[in-house]
Amino acid sequence: MANAITLRNLQKKFSNSVALDDVSLEAASGELTVLLGPSGCGKSTLLRLVAGLDFPTKGEIDLGAQRIDTLPPSARNIAMVFQNYALFPHLSVADNILFGLQVRRVPRSERAAKLEEVASLLSLDALLSRKPSQLSGGQQQRVALGRAIISGRQIVLMDEPLSNLDAKLRAQ
């Protein structure tokens, strides 16, 4: 199976501290790859490098056969679910989930069909008209997951995506 993501000798320095040092990884296409480690070990930094939100001090990042470490986030075909969810407080659940598709001008009928599918998958059907402030932490996390899933991006990066989900939903 081909690699979806290949990291070669990544290093990230911030001022005088080294956040990542010589990290290499191959994640196969279609596979779930999990980064485990204690708080502060560089997991979130690594995800930010892959997403293009930060750039490595050294090393290379490939998505399939394409080198992407110098590309902006918009050119990487990657979605990311942040640990803090990054929801728009003034938008409804539906509009938060659909935001990326609306920006990309996906036709309304296609957006509606995808929203129905994702809302059902994440048990958000009854919450679509609510605002983020009216949701529990687990519900907010599902909205952020929905926004990443609906994007149809080749890769979905998740920073602690299951921490606030209840046990039943986590098992799904």
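Residues in segment 138-153 include at least one that is under 18 Å from Val81 (Cα atoms), of a type in the set (S, T, N, Q) and in a loop (DSSP other than H, G, I, E, B).
Within segment 90-104, if we keep just the residues that are within 24 Å of Ala51 (Cβ to Cβ) and modelled with pLDDT of 95 or more, the residue that is surrounded by the most Cβ atoms within 10 Å (Cβ to Cβ) turns out to be Ile97.
Of the strands (runs of 3 or more DSSP E) that lie entirely inside segment 1-118, those containing 2 or more residues that are touching a residue at least 60 places away in the same chain (Cβ under 8 Å) and either more than 17 Å from the chain's Cα centre (by Cα) or within 15 Å of Leu157 (Cβ to Cβ) (or both) span 3-14, 78-81.
Quick grid of which residues meet (1) hydrophobic (A, V, I, L, M, F, W, C); (2) exposed (fewer than 15 other Cβ atoms within 10 Å of the Cβ); (3) within 30 Å of Phe14 (Cα to Cα); (4) assigned by TED's automatic domain parsing to the domain that holds Val23:
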| residue | (1), (2), (3), (4) |
| --- | --- |
| Leu63 | yes, no, yes, yes |
| Val81 | yes, no, yes, no |
| Ala86 | yes, yes, yes, no |
| Val106 | yes, no, no, no |
| Leu115 | yes, no, no, no |
| Ala119 | yes, no, no, no |
| Leu122 | yes, no, no, no |
| Asp125 | no, yes, no, no |
| Ser129 | no, yes, no, no |
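Of the residues making up segment 20-39, those that are in contact with a Leu (Cβ under 7 Å, 6 or more places away or on another chain) and surrounded by 14 or more Cβ atoms within 10 Å (Cβ to Cβ) are Leu20, Val23, Leu25, Leu35.
The values are calculated or read from the model by the stated rules, or taken from the named source; none is laboratory data. The shown structure was predicted, so the numbers you read here are calculated from the model rather than taken from an experiment. Don't worry about glycine lacking a Cβ; one is built from the backbone with ideal geometry, like all the others, and counts go over all protein chains shown.
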